[in-house]
Amino acid sequence: MRWALPLALVAVAAPIIASADDTMPPAPYAYRQLDDPAKEAKAEALMETLRCLVCQSQSIADSDAPIAGDMRNQVRLRINAGEDPEAIRQWLIQRYGDYVSYAPRVTATTWPLFAVPAGLIVVAGAVMRRRFKRTSA
Amino acid sequence: MSEPKPQAPRWTLWLPLALFVGFVLLVAAGLMRPKDTDINSQMIGKPLPAFALRAAADGRGGLSNGDFRGKPRLLNIFASWCVPCGVEAPVLAELQRQGATIEGIAIRDHKEDLNGFLAKNGNPYERIGADDVSAVQLAIGSSGVPETFVIDGKGVIRYQHIGDIRPEEVPMMLAKLKEAES
């Protein structure tokens, strides 16, 4: 009987959840690989570094969201047509901003992420040099 | 090691604690801030990409980027399977009543489902294009349904509204349409 309430809740919620998604079949290349393994490998590498728009912390390669399937479809079709993966990434960044890409870029807002560790290494090096000098003197 | 070791000023004793408190405050502020999951389109100010979609429902033609000529229009991205889109329908009807021209793009939708949706909720759309693989949606930087874009008379994207338009947002949307006239 302990299961009765949760089960009842699921039964009530299920139609709501179900109706919040479409029933269209996935896009042609959402789950189908490209015939050319080299191109598929390229597409796969790109898809793993593109961020799903509705699932926040998944790449489009990992996500079963319909829009992620549609993005995979578009990536595979474009790769198959000979487009450069980085050009596809730029096309998406032009539309969704840096959000959509997991590949870090050095920009006006992100440069401290790269500069601070480098700065810390320099400071640590300087401190260690002074210490070693002192003990050897 | 002949010189006496220089004494650090007393206040430096408190520095680690101050840093720690500062860090806690920073984290607390981040936790308090409501989460913003909107992904804004970067296409504002840019022309609509070229597209031509077949008619998504009976009684309304398909939609192409060439249809956005002459006067500002609303472009509503929606779907019959989207619950908030049903909630938004009366608001769109009100916008239309107050003079807005509304074009629609139905995402991943079946014709029968859409016909049913329009019969139930009313049809404020001039034309409805069917976007079966979200291609146009991706091309304009939209990430969900419903979203509503303001497109000016030259086909340039001027404004993006994410989520359903609330009744109290009708005047704001009409103002955005008016703004797009210039």
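Quick note: the coordinates plus some simple rules give every number you see, no bench work behind them. As the structure is a computational prediction, the values presented were derived from the model and not from experiment. Cβ placement follows ideal geometry from the backbone for every residue including glycine, while neighbour counts extend to all protein chains displayed.
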Where only alpha carbons of region B:30-93 are counted, the Rg and the Dmax (Å)
16.1, 50
Net lengthening on full extension, B:Gln7/B:Phe20 (0.36 nm per residue, minus Cα-Cα):
2.4 nm
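What ranking do A:Tyr31, A:Tyr96, B:Tyr125 get, fewest neighbouring Cβ atoms within 10 angstrom at the top?
A:Tyr31, A:Tyr96, B:Tyr125
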Cα-centred dipole magnitude for region A:41-126, charges only on beta-carbon of K, R (+1) and D, E (-1), debye, nearest 20
140
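Determine the alpha carbon to alpha carbon distance for each of B:Lys35/B:Lys154; A:Lys42/B:Lys154; B:Lys35/B:Lys176 and list only those over 30 Å.
B:Lys35/B:Lys154; A:Lys42/B:Lys154
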Chain lengthening between B:Ala29 and B:Met172 when straightened (0.36 nm per residue, less Cα-Cα):
48.4 nm
Apply the a/c threshold of 1.5 to the C-alpha gyration tensor of the protein assembly as shown and tell me whether it is rounded, prolate or oblate.
prolate
Per-residue ellipticity at 222 nm for the protein assembly as shown, helices alone: DSSP H runs ≥ 4 residues times -39500 (n - 2.57), over residue total, nearest 500 deg cm²/dmol?
-14000 deg cm²/dmol
From the P(r) of chain B, can you give the percent of Cα pairs sitting at distances over 31 Å?
31
Computed over region A:13-103, the Cα gyration tensor eigenvalues, each multiplied by 5 and square-rooted, give semi-axes in Å (largest first) of 24, 16, 10
Nearest 0.05, what FRET efficiency do B:Lys111 and A:Ala87 give at R0 = 41 Å with Cβ-Cβ as r?
0.75
A:Ala126 and A:Thr49 label points (each 7 Å along its Cα→Cβ direction) are spaced in nm at 3.4
Suppose every K and R has +1 on its Cβ and every D and E has -1 on its Cβ; what is the size of the dipole of the protein assembly as shown about the Cα centre, in Debye to the nearest 20?
1740
Listed residues A:Ala108, B:Phe117, B:Ala79: farthest to the positive end of the dipole of the protein assembly as shown (Cβ charges):
A:Ala108
Just to confirm the filter: which trypsin sites (Lys or Arg not before Pro) across region B:1-55 are DSSP coil and have at most 10 other Cβ within 10 angstrom of their Cβ?
B:Lys35
Can you tell which of B:Met173, A:Tyr99, B:Ala8 lies farthest toward the positive end of the dipole of the protein assembly as shown, using +1 and -1 charges on the Cβ of basic and acidic side chains (Lys, Arg; Asp, Glu)?
B:Ala8
Which one, B:Ser64, B:Asn40, B:Leu19, projects farthest toward the positive side of the charge dipole computed for the protein assembly as shown from Cβ point charges (K/R +1, D/E -1)?
B:Leu19
